[in-house]
Each structure stands twice: as structure tokens, then as C-alpha cells.
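Shown next, in C-alpha cells, is the structure this report addresses.
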There are 2 protein chains.
Amino acid sequence: MLTTKGSATRSRIIEGAAAEIREHGIGATTLDDVLARTRTSKGQLFHYFPQGKEELLLAVAAHEADRVLADQQPHLGDLTSRDAWHAWRDAVVDRYRRQGPRCPLAVLTAEIGRATPGTQAVVTSLVQQWERQVIDGIVAMQASGDFDVEVDPTRAGMALVAGIQGGVAIMLATGDLGHLEAALDTGIAHLARRA
Amino acid sequence: MLTTKGSATRSRIIEGAAAEIREHGIGATTLDDVLARTRTSKGQLFHYFPQGKEELLLAVAAHEADRVLADQQPHLGDLTSRDAWHAWRDAVVDRYRRQGPRCPLAVLTAEIGRATPGTQAVVTSLVQQWERQVIDGIVAMQASGDFDVEVDPTRAGMALVAGIQGGVAIMLATGDLGHLEAALDTGIAHLARRA
DNA sequence: CTAGGTTTGGACCAGCAAGTCCAGAACGTG
DNA sequence: CACGTTCTGGACTTGCTGGTCCAAACCTAG
């Protein structure tokens with residue numbers, strides 16, 4: 001079992017590892033780095049993550065996936081007006097502008113995504129939740145007559161999420177935010193076009 | 001200087017490393033793996049890549065970037081008809097379907113993208129060439145009246161490339177090609193709408 | 001108080017992977 | 001053929017990193 005103190009330490013380790021990975025990438029992050037940053041010891045790390053690094057990485061992935069969605073709220077959950085859509089757009093861009101060249105999700109998936117089924121499940125779930133909310137927003141806007149009803153909400157939602165993902169990926173590699181903005185704006189423009 | 005034999009060996013190493021990374025990911029690829037696969041020795045590797053792994057990785061990145069573009073030809077270079085656009089779309093999807101869960105570019109950028117300015121330059125150049133050709137195609141189609149002239153070719157091109165990139169990223173993490181297809185189809189539909 | 005579990009610190013180990021080094025084979029050029 | 005350059009093989013070094021282990025501190029319930 002886990003006492004209050006114990007689970008606090010556990011969380012501290014996860015958050016520290018997440019921060020370390022965000023800053024230095026996964027390849028350059030060692031367990032010792034995490035220990036130093038969180039002022040914990042080998043004993044603790046392996047006490048809370050018996051499977052070692054792999055288990056820790058999975059926990060970090062889950063943690064970061066939550067963060068990705070949380071950072072887009074409350075906008076993402078209520079895309080029922082043009083203002084909400086634009087606020088969301090700005091929130092996404094802003095998040096990555098501030099965060100700089102480091103997307104926790106991209107980092108993790110690229111390195112271990114296909115390797116472990118666990119991470120794959122985390123990412124799949126994240127993408128599904130994300131696009132679910134986008135699609136719901138599209139449907140709502142179509143119902144209120146703000147979005148073109150000729151557009152298939154599901155496919156458009158998938159495309160939009162893919163565009164964001166790609167925009168972020170390009171930003172990570174080149175430092176340029178332009179593609180992310182273009183993807184969001186074009187995607188929304190496509191939806192908003194009058195029939 | 002480099003003799004014919006020498007540069008052949010050099011290429012062999014790059015291609016072997018590229019294949020190894022495509023198959024096992026960058027984290028799981030060691031120099032010894034590359035040596036075994038290409039039947040070369042430490043001496044050779046450090047003879048041709050004095051800076052060691054970093055230099056080799058950069059060469060691999062450049063090599064893979066070329067491959068990405070080459071695999072989309074001849075379609076990408078001549079997007080001047082609806083047929084060409086759809087052939088291109090199919091080529092992209094097909095390439096990733098066949099390749100399975102491994103995009104050389106994504107793998108490399110995620111791991112060393114922001115780390116080294118060299119890789120960053122490689123990726124930036126790739127993205128630019130890619131979107132340049134897409135944008136040229138959009139302009140041509142607008143000129144011939146096939147694409148909606150109200151759409152800004154530059155931004156739409158950037159968005160389309162981002163969508164592809166994201167679709168691939170999602171496929172890598174989840175194994176699902178749907179997002180890639182949705183991104184391409186939606187992007188093209190956006191361009192082709194009415195007139 | 002004490003006995004059970006939980007939590008913590010850190011010394012230690014084993015393996016591995018990058019990188020060094022050098023001797024010798026192959027080459028090719030005058 | 002001779003000699004300088006390039007190429008090749010592989011043994012060896014070195015540093016690091018994930019992981020093990022155990023003893024001590026800390027709780028908390030009875």
C-alpha cells in the first residue's frame with residue numbers, strides 16, 4: 001500500500017521526470033538526473049516503480065497526456081461559438097509558444113511510442129479524447145448554423161488534430177510556429193466556410 | 001581524400017544506419033549494430049565520421065530527408081491536375097502504409113531535432129522544399145481554375161504539410177492511418193471547393 | 001512501547017556502448 | 001616496383017547508467 005507521504009513522493013518523481021524530459025529530451029535524461037532534481041534516491045525510485053525506467057516513462061507519458069488536454073481547457077470542452085473556437089486556437093498556439101521547443105507528447109511517443117503497448121494506449125486515448133471534443137464542437141457549430149454542414153465532422157476533426165500535431169512537430173524541429181498557426185486557421189476556415 | 005571504394009563504404013554505413021534506425025528506433029541502435037549490419041569496423045566508422053555518432057546521425061538525417069521527397073516523386077513535382085493531386089495523395093498514404101510504423105524523419109527529429117543545429121537545418125530545408133512544391137501546385141491549380149482562388153496558397157500549403165506530418169506522427173504512435181488520410185483529403189477538399 | 005509495514009539513502013555491481021589506437025592490408029601513381 | 005595515402009580490423013579503454021541490495025529511519029495501530 002501507499003501512504004500519503006509515499007504517493008506524494010511518487011508524484012514528485014513523475015513531475016520531476018516530466019520536467020527533465022521536457023527540458024533535455026528523453027535521450028539525455030538519466031535516472032540520476034531525475035533523482036537529483038527531485039531529491040530522492042535510487043531506493044525510492046525503484047520502490048515506487050519496480051519495473052524501473054520503463055514504468056516511470058509510462059507514468060510520465062500518462063501525466064503529460066493529461067497536461068496536454070488540461071492546458072486546452074476550458075476552451076476545448078465547449079467549442080460552441082466562434083469566440084470559443086478562436087480562444088481555443090489562441091490557447092493552443094500560446095501554449096506552444098511559451099513552452100518553446102519541447103512537446104512532452106511528441107518526445108515520448110517518438111522514442112517509445114511503438115515500442116511499448118502501454119504508451120501506445122496512452123497516446124491513442126489522448127488522441128481520441130482530443131478529437132472527440134473537437135468533433136463535438138464541430139457538430140454543435142453545424143447545428144447552430146455557424147459551420148458548413150457539408151463538411152464531415154469526424155474527418156474534419158481528425159484532420160484538424162493531425163494538423164495541430166504536425167504543426168507542433170514542425171515547430172519542434174525548426175523552431176517555427178507558422179505551420180501550427182496555418183494548420184489551425186486553415187482548418188477552422190474550412191469548417192466555417194458558408195455553404 | 002576519398003577514393004571510390006572509400007565513398008562506397010561511407011554510403012554503405014549511412015544506408016545501413018538508416019535502415020537500422022528505421023527498424024529499431026534511434027535509442028535501440030548502437031554503432032555496433034550498424035557495423036554488424038554493414039560488415040564494417042570501428043576503424044572505418046570513425047575514419048569516415050571523425051565526429052562519431054553525432055556526425056553519422058546527421059548524415060543519416062540528410063539521407064532520409066532526401067528519401068522522403070524522392071518517394072513522393074514524380075507526383076509532388078507536378079501537381080498541375082486533379083489526377084496528379086490524387087496520385088500524390090495515394091503515393092503518400094501508400095508509402096506510409098507500406099513502411100509501417102516508422103518514419104525516418106520523425107524518429108530523427110524527435111531525438112536530435114532541437115539538439116543539434118545541423119539536424120535543424122536539414123529538417124527546415126526539407127519542410128521548405130516540400131511545401132514549396134505543394135504551394136506551386138496550388139498556384140498552378142488556381143491559375144487553371146481548378147482550385148478556389150480565395151484560398152491563400154502559402155498558408156494552405158503550410159497547413160497541408162503540417163497535416164501530413166501530424167497524420168504520420170499519429171500513425172507512428174497509434175498505428176492508425178486514418179488521420180493521415182483525413183488530413184490529406186480534407187486539405188485537398190478545402191482547396192478544391194467550388195470555384 | 002513495540003511490532004508490522006513503508007519509506008529512504010546510498011554503496012555497489014554489471015554490462016554496455018562510444019570512442020581510441022595502432023598495425024597491417026590494399027591501393028594507385030610516378 | 002616503391003612509397004605514400006587511404007582503408008580496414010579489432011583489441012582495448014573509459015565512463016556512464018540502469019538496476020540491486022540492504023540497513024536504517026519513520027510511521028502507525030494495537
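The figures follow:
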| quantity | calculated |
| --- | --- |
| 10 Å Cβ neighbours from other chains, averaged over peptide B:150-159 | 6 |
| Cβ-vector label at 7 Å, B:His24, separations to other copies in nm | 2.5 |
| Average beta-carbon neighbours from other chains, 10 Å sphere, peptide B:24-37 | 1 |
| Extended-chain gain in nm, criterion 0.36 nm per residue less alpha-carbon gap, B:Thr154 and B:Arg132 | 7.1 nm |
| Degrees separating the helix A:4-24 axis from the principal Cα axis of chain A, which is the longest one | 70 |
| 20 Å reach of a label modelled at B:Met1, 7 Å along Cα-to-Cβ, counting backbone N of the range B:34-49 | B:47-49 |
| Relative contact order for the range B:1-55, counting Cα pairs under 8 Å that sit 6 or more residues apart, in percent | 31 |
| Given charges at Cβ of Lys, Arg, Asp, Glu: chain A dipole, positive-most of A:Gly25, A:Val139, A:Leu45 | A:Leu45 |
| Max mean-square fluctuation residue, GNM over chain B, Cα-Cα springs under 10 Å, options B:Ala62, B:Ala169, B:Ala159 | B:Ala159 |
| Cβ-vector label at 7 Å, A:Gly175, separations to other copies in nm | 3.9 |
| Rel. contact order, % - alpha carbon contacts under 8 angstrom, at least six apart, chain A | 19 |
| Helix A:53-70 vs. chain A, principal-axis angle (Cα, 0 to 90°, nearest 10) | 30 |
| Label distances, nm, B:Gly118 versus same residue in remaining copies, Cβ-directed 7 Å point | 3.5 |
| Count, lysine Cα pairs under 26 Å in the protein assembly as shown, 8 or more residues apart or across chains | 7 |
| Degrees between helix B:82-99 axis and first principal axis of chain B (Cα, 0 to 90, nearest 10) | 30 |
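Throughout, read-outs are computed from the coordinates displayed, never taken from laboratory work. Only a predicted model underlies this, so the values are computations on that prediction, with no experimental measurement involved. Glycine also receives a Cβ, built like all others from the backbone with ideal geometry; neighbour counts cover every protein chain displayed.
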